[in-house]
Amino acid sequence: MELYKYSGHKIRIICKTGNVFEGLAYDYIPPQDNEPEEASITIDSIEIYESEIKRIEILNHH
């Protein structure tokens, strides 16, 4: 999913559970630096793992 591309952007994350989060994405963590070994991105202090994400939309473009 290449989560690193979304870091620094205001985004909307739609999770497989139906939860939706909007805010500034920051703190991309690659799989090798995360436990469990899965990429994640943080939005408004909530860490979301790649496997939980259904779709990501960028809300602002630089």
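Each value in this text was obtained by applying a stated rule to the coordinates, not by laboratory testing. The structure displayed is predicted, hence computed values, not measured ones. Heads up, the Cβs are rebuilt from the backbone with ideal geometry, glycines too, and the neighbour counts pull from every protein chain shown.
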If we keep only residues of segment 1-40 that are among the hydroxyl-bearing types (Ser, Thr, Tyr) and either loosely packed, with under 14 Cβ neighbours inside 10 Å or on the phi > 0 side of the Ramachandran plot (or both), then the residue nearest to the chain's Cα centre (by Cα) is Tyr4
Considering each residue of segment 41-58, count those that are in contact (Cβ under 8 Å) with a residue 40 or more places away in the chain and either exposed (fewer than 12 other Cβ atoms within 10 Å of the Cβ) or part of a strand (DSSP E or B) (or both), and give that number.
6
Could you give every pair whose Cβ atoms fall below 6 Å, whose first residue belongs to segment 1-25 and is free of Cβ contacts under 8 Å to residues at least 24 places away in the same chain, and whose second residue is in a loop (DSSP other than H, G, I, E, B) and loosely packed, with under 14 Cβ neighbours inside 10 Å, counting only separations of at least 6 or pairs across chains?
Gly23/Asp44
